Structures are given as C-alpha cells and as structure tokens.
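Okay, structure first, notes after.
The values are calculated or read from the model by the stated rules, or taken from the named source; none is laboratory data. Fair warning: this is a prediction, and the values are worked out from it, not measured in the lab. Reconstructed Cβ throughout: ideal geometry from the backbone, glycine too, with neighbour counts over all protein chains shown.
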Amino acid sequence: MICSMNKVVEEFELYGKSYRMETGELAKQATGAVLVTQGETTCLVTAVVSPEEKDYDFFPLTVDFIEKLYAVGRIPGGYLKREARPSEKGTLTARMIDRPIRPGFPEGFKNEVHVVATTFVCDGTNPPDCICVNGASAALLAGGAPFEGPAACVRIGRNTETGEWIVNPTYEEQETSDLELTIAGTAEFISMVEAGADEISEEDMLAAMEFGQEAIAAFCEAQQRFLDKCDITVMEYSVHQADPSIAERVSVHEEEMAAALHDADKASRVSKVEALKAAIKENDFTEEERAEWGSDIAAACKALEKKAMRAMVIQSGERADGRTPSEIRPLFIRPGYLPRVHGSGLFQRGQTQVMSVCSLGTLREGQRLDTIEPVEGKRYMHHYNFPPYCTGETGRMGAPKRREVGHGALAERALIPVLPDEDAFPYAIRVVSEVLESNGSSSMASTCGSTLALMDAGVPISAPVSGIAMGLIKEGDDVVILSDIQGLEDFLGDMDFKVCGTTRGITALQMDNKAKGLSTEILGRALQQAKEGRAFILDAMLAEIPAPREDLSPFAPRIETIKIPVDKIRDVIGTGGKVIRGLQEETGATIEVEEDGTVHIAAVEGPAGEAAKQAILDIVKEPEVGEVYEGEVVGIKDFGAFIKLTGSKDGLLHISRMANGRVAKVEDVLDLGDTVQVEVIEVDQTTGKISLDRIDKPDAPAADGGRRGSDNGDRRGGPSGREHRKPRNRNR
C-alpha cells in the first residue's frame, strides 16, 4: 500500500476561488489518485508508474484527458452514443498536462508513466484544465513517484476595465479579458507557457508571467499542505546508469562532432553526424559491447552532439548553420501562389517551407463543437499538417497527431484577434497549412503563411501577424538567446519559445522550458529579441503584399446579409424547408436564416445572389396601397379571385373589379393559373387582408355566356349598375 486508505482532504481558497483536493477513497489501485475541484468542476486524476524499466531511449510518459459528456448532463451524439476520439480541446489539454509534468522526472528514468484525467463534473463556470495539471502533480507525489514537485498550473486573465489580474478566471471572466495566459511550473521556475492576447505589449506579458509565477507558488504551497497529510511511501525505482566508460570513449570525438555539425544544410549535416556516430560505434566498441550497451552508446553519442552544439554557441557565438544568435534565416515569400483557391501563401524560412491555403464559406460551414466546453462552434479554423516527406522520411499518413493539433491551435489563436467580426465579414474561414519542408519553426512559418493566405483571399484583417521561435542555450551563468531556431537547436537547446503578434503587440505565445533557473529577466530579453525578429519578418511579408486584396477571389462566394422580420422566417423557410430549398435550387445560391432574422445569401455568381435576395425580399414584403403586381390566380370563390402578390401574401380581386361591366361568374373572366396585373387599393391594418383592382380591365362577357371581349355595352349607369346594388364587402 502506497498511500493511506484513509480519506485525505485539503480545502482552500486562493485569489477569490475555492479549491479542494482529496485522495484515499477513489481509484486506490492506481499508483496515485487525486480528486481535484474548483467551484463544482471536479476531475479525477490518476497516475500509474510501471514497476519495470523499459529499454527505450526516451522517457515513456503518456497523458490522456478524458472528456465525459455526463459531466455537463448531456448524452453524446452519433449512433454509438458514447465518447469516441478526443476533441481538439481534449487533445490540447492532454498536451498541457504533459508539458509541465515531463521535466519533473529524473534523467534516465525509463519506467512507463500513464496519467489519466477524467472529467466528473463541469459546472459551466470553471474550466477543468488547470486543476488537472495540479491533480497530476499531486497524484504522482502521493503515489511516491520520483517526481520533482509540487508543480502547478494557473490561467491568468486581465480585466480590461480595471486592469486587475485574474487567477483562473471563469468562462464569464474570460469574456472581458484581453489576455489568456496559461503558465505552469514549480515554485522556483516556469516550465510551460501558453497564451493568447489582444495585441498586448511585451512589458504587460512579462508582468503577467511574473504574477503567474507568484500564483503558481501559492498553489504549490497549498498542494504541499495536502501532501503533508498523506501517508506516502516513496517507491524505489532504478534509474538507469550507463557504464562510465561509454561516455569516456565517446567524448574524445567532440571536435569531430563539432565539425560535422557545422553545416547549414540539414540533410548534409544529419548525414555527417550519423556517419560519425556509426563510426564511433563501429571503431570504439566491440561487437559484444554494442550488443550489451546498444541504447547506452546511442544515448552517449546524442549527448556528445548536444554538448558540441551548445559549446559552439556559448564559446564562439556562432550557430551550426553559421548564423549569429539574432540572425534570421533567408526568407522566400509568395502570396497568391496557387490558382483558383480563395487565397494562398508560400512562406519559407531557411529549410522550413509551408504552403497555407484559405477557403471561405458560409457561417453554417463553421465547425460545430460537441464538448464539455460552453462553446457551440467556431467560424475560424486553422489546420496544420506535418507529413513524413517534409523531413525526408517515410511513414503512415492518418489522423492528425497531438503535435499537429497543438501547432494548428497556436497559429489559430495568433490570428483570431485580427479577424473581422461576423457582421463586417459574414464568412466561415478555414486555413490549412501544409508543411512541405521542416527544419524547425514550422508552426511559426504556418502563422506567417496563414497571414499571407488571408490577405491574398481579401479577408480584411485589422493587422498582419508574424511569428518567430526563440531558443536558449544556458550553461551555468552563460546564456545565449537564439532567434529563429532550427530543429537541432530545438532538440538540443533549453527552450522553445514561440511568439506571434502584430506591430501593436503580442497575439499568442507558447513556451516549453528545460532550463531550471530561467528568470523573468531572461524571458524579458527573449521577448524583446523576438519583437525585433517579428518586425524583420513582417517587413519582408509586407513587401510582397502590403494589405489585404480589395476584392475576393472570383472563385469565392459573395455573401450578402439582409435582415427580415422574425415573424417572416417561417415564410422564407416554408413547411419542412420547402420554400428555401426551392429558392436555392432555382437560383443556385446558398441561403442561411438565423433565429434573429439575419439572412446570409452566398453565391459565386453575382446574378444568383441577387435573384435569391430579391426572391426573399418579395416573400417578406408587405404590399402597400398603390403598388402594382403581376400575380397568378391561386384561388377562386363566388365573390372573387385570390391573386398571389408575394411568396406569402395573396390579395382579393373582387368580382366587381375584374372587368368593365357586370360579371356573373368569376370563371367567365379568370381561371386558376391565369396571370393578371393588379393594383393594391386597400390594406386592412387589423386583419392584414388586401383588396385589389384589376388594371386594364377587359369588357365583361355578354349575358349569353360569351367570354372576354364580348360587346355587352356600358351598363354601369343602368338599373343594374353598381350604384343601385348593395355595396360588397371587399375585405371578405
């Protein structure tokens, strides 16, 4: 037994919100299990550590975030009626838990670790993601895992009216915030940052990070109080130790490794490095040693590569591809690269190349969301694809992996603040970024490429966005900040810090940190260096396309928005959608009607949209006295004929107004289906009934039954004339 069977509870309040952590009652066969609560949002976070060490050259940590729709009192849609693959938000939350937890395990630890966060209750007020990071840390520590903690995660918002920081804002508080900063780490250092912002300054972002670090420390303190109540037995795990002679034999090749690394071409550099590693294995180790120490030799060679790369930067200030720390790789930028698509942009930085393509559609084509979040859908979608060929590899193509989902979400978040609102631009927007080549910073290339595609499509963004990935090499007190990192510097460096924004400020950022002791002073320097790099890249982009195109692509739908009275919606849609389907089939336009009477009409061809618009206006129009219509006879009664004026309005043409002279029978003058020109002479304001008069009346038929055009004389002044008959009620 690892933790006492007794139930342990810690309740506390921080920054105006209530929290609860408990263990000892649920999921007791897991290594550790903690039930975490904020408000009434409740999640169970379990951690299981396998007892045996795996022969991997990586740390096998798996994190799953399970969204249960019962948490919000809903039954899943679809045929199976059960949760299937994770939503995009679920995938992002799993990554968010993984990133600050992973650095807490010791170097060389190779036991499998599985963390599962399950939503039990979501109260619609408090998001579940941040407390799941805290729960994962507590579950690992309560279970005695070799995890360096406590670790905690908080979300920082800012009230736009008061300027006050908000810790773990509710969904409602997020609506009035110009910042959403998710930050995680320990009481001493920051390990993960994720943010979206409405173009806030670097100074404000740094201040938010500093405040976030203070909040993390407060949550770590509360978590430690909880852990102090637990009866924890620290489990014994063997951390793999390689034979010291391996590193000694490999280290003599540092100069050779430095020479192999000093190559700007990725393929050539990788080839040289791999050839050197193969030679070391072959020449410095016997066949028996290779069989026994295979993974250890590979790890030692990787460590040599890391040491040589870092020493090169620290000692000479020169990077593997010959650049200075702040230098940007060569740029190649082409908006409008593809024909016929609504918008496209090719962005290349060094050996990272991304093609972004923009598609415009009706708002109904936006994404519907079926998650535990109180969000029904979104109109802007960014999808990022990273096929194997972009790194010169073979592999299977399938559903997007977590990394692809995360990179797409980052670029999406970076551009949302500059998009026009629905009223000004009533389109659903999808941008797909295809990574064609990759040597680091592909997510930032997709951000830049997406800006090009949106501008090429004529989307009136408020400002263009550029992005850059920053890196860090830290050895003791020696610190070098790197702009526009390539893959080698990401893998072997200490930080991957992606920053996106406009000339006015930051719109998104993401950071993963492997260096302990990363100060806010270093982060401030990184933000300033990133600002300079973003400006350089943005200038290059604007040299190719200085502003969004004035006109949409001829292949993009033109959407016009009109407003109709709410009580006319039924008339436009028709029974079972019959009317609106008929209009779409007849005109070729797409018509969407919202509950408030807003109608969006989309058509690639202008005449189709105009025809649909006019048809809708005709349906909802209320005829007025004096207006002339040409309508079809749709009903015949003894006292007159009903004439269709608009899609939903008929008027009565009384028998006395059908012809010159007396008409004995309506059918003597009109038949069903006839077209007749009429004028509105009266609209009853109470009943809405409409009275009509026929224009260009024919003579009434003769008394012998002849029709239309018979000479029956003018009898209006005779004994049987209208002035001697009882006046008819024309509004019947």
Test each condition in (1) farther than 16 Å from Ile97 by Cβ; (2) over 30 Å from the mean Cα position of the chain (by Cα) for Leu69 and report the one that comes out false.
(2)
Yes/no for Val133 being surrounded by 18 or more Cβ atoms within 10 Å (Cβ to Cβ), free of Cβ contacts under 8 Å to residues at least 60 places away in the same chain and not assigned by TED's automatic domain parsing to the domain that holds Asp512
yes
Of everything in the range 445-471, what is over 19 Å from Ala424 (Cα atoms), in contact with a helix residue (DSSP H, G or I) (Cβ under 8 Å, 6 or more places away or on another chain) and hydrophobic (A, V, I, L, M, F, W, C)? Give them in sequence order.
Cys448, Leu452, Val465, Ile468, Ala469, Met470
Quick one: count up the residues across the range 577-616 that are farther than 16 Å from Thr362 by Cβ, over 33 Å from the mean Cα position of the chain (by Cα) and not charged (D, E, K, R).
6
Asp265 being of a type outside the set (Gly, Ala, Ser), within 38 Å of the chain's Cα centre (by Cα) and either at pLDDT 95 or above or crowded, with 16+ Cβ neighbours inside 10 Å (or both):
no
Breaking point among (1) in a helix (DSSP H, G or I); (2) buried (at least 20 other Cβ atoms within 10 Å of the Cβ), for Val599:
(1)
How many residues, within the range 598-647, are farther than 30 Å from Ser553 by Cβ and either at pLDDT below 90 or not hydroxyl-bearing (Ser, Thr, Tyr) (or both)?
29
Exactly one of Gln241, Gln223 is in a helix (DSSP H, G or I) and either surrounded by 14 or more Cβ atoms within 10 Å (Cβ to Cβ) or polar (S, T, N, Q) (or both), and that one is Gln223
Could you list, in sequence order, the residues of the range 602-630 that are small (Gly, Ala, Ser), under 30 Å from Lys697 (Cα atoms) and surrounded by fewer than 14 Cβ atoms within 10 Å (Cβ to Cβ)?
Gly626
Flag if Val418 is closer than 28 Å to Ser177 by Cα and surrounded by 24 or more Cβ atoms within 10 Å (Cβ to Cβ):
no
Identify all residues within the range 17-34 that are touching a Leu at 6+ places or on another chain (Cβ under 9 Å), part of a strand (DSSP E or B) and surrounded by fewer than 22 Cβ atoms within 10 Å (Cβ to Cβ); write none if there are none.
Arg20, Glu22
When you scan the range 681-703, do you find a residue that is at pLDDT 90 or above and hydroxyl-bearing (Ser, Thr, Tyr), even just one?
yes
Checking Thr170 against (1) touching a residue at least 24 places away in the same chain (Cβ under 8 Å); (2) under 26 Å from Leu518 (Cβ atoms); (3) of a type in the set (Ser, Thr, Tyr), which test does it fail?
(2)
So Gly408, is it in contact with a Phe, Trp or Tyr (Cβ under 7 Å, 6 or more places away or on another chain) and surrounded by 24 or more Cβ atoms within 10 Å (Cβ to Cβ):
yes
Anything in the range 143-166 that is farther than 19 Å from Thr23 by Cα and crowded, with 20+ Cβ neighbours inside 10 Å? List them, or say none.
Cys153, Val154, Arg155, Ile156, Gly157, Arg158, Trp165, Ile166
Take the residues in the range 612-662 that are among the small types (Gly, Ala, Ser) and part of a helix (DSSP H, G or I), then tell me which one is farthest from Glu592 (Cα to Cα).
Ser656
Give me a count of the residues in the range 35-64 that are part of a strand (DSSP E or B), more than 30 Å from the chain's Cα centre (by Cα) and of a type in the set (Asp, Glu).
2
Looking only at the range 83-130, filter to residues that are of a type in the set (Gly, Ala, Ser) and in contact (Cβ under 8 Å) with a residue 40 or more places away in the chain; which one of those is surrounded by the most Cβ atoms within 10 Å (Cβ to Cβ)?
Ala117
For residues that are in contact with a helix residue (DSSP H, G or I) (Cβ under 6 Å, 6 or more places away or on another chain) and of a type in the set (Val, Ile, Thr), scanning just the range 333-356, find the one that is farthest from Glu550 (Cα to Cα).
Thr352
Only one of (1) assigned to a strand (DSSP E or B); (2) among the aliphatic types (A, V, I, L, M); (3) under 21 Å from Pro330 (Cβ atoms); (4) within 20 Å of the chain's Cα centre (by Cα) does not apply to Ile429, and that is (3)
Note on Glu585: of the conditions (1) within 22 Å of Pro557 (Cα to Cα); (2) surrounded by 14 or more Cβ atoms within 10 Å (Cβ to Cβ), unmet is (2)
If a residue has to be surrounded by 17 or more Cβ atoms within 10 Å (Cβ to Cβ) and either charged (D, E, K, R) or part of a loop (DSSP other than H, G, I, E, B) (or both) to count, how many in the range 65-82 make the cut?
2
Within the range 550-569, is there a residue that is surrounded by 16 or more Cβ atoms within 10 Å (Cβ to Cβ), over 30 Å from Gly597 (Cβ atoms) and either touching a residue at least 40 places away in the same chain (Cβ under 8 Å) or touching a strand residue (DSSP E or B) at 6+ places or on another chain (Cβ under 8 Å) (or both)?
no
From the residues in the range 83-94 that are in a loop (DSSP other than H, G, I, E, B) and out of contact with any Pro (no Cβ under 9 Å at 6 or more places or on another chain), which one is modelled with the lowest pLDDT?
Arg85
Does any residue of the range 500-511 turn out to be at pLDDT below 95 and of a type in the set (Gly, Ala, Ser)?
no
Could you tell me whether Lys302 is at pLDDT 90 or above, within 40 Å of the chain's Cα centre (by Cα) and outside the structural domain of Asp494 (by TED's automatic domain parsing)?
yes
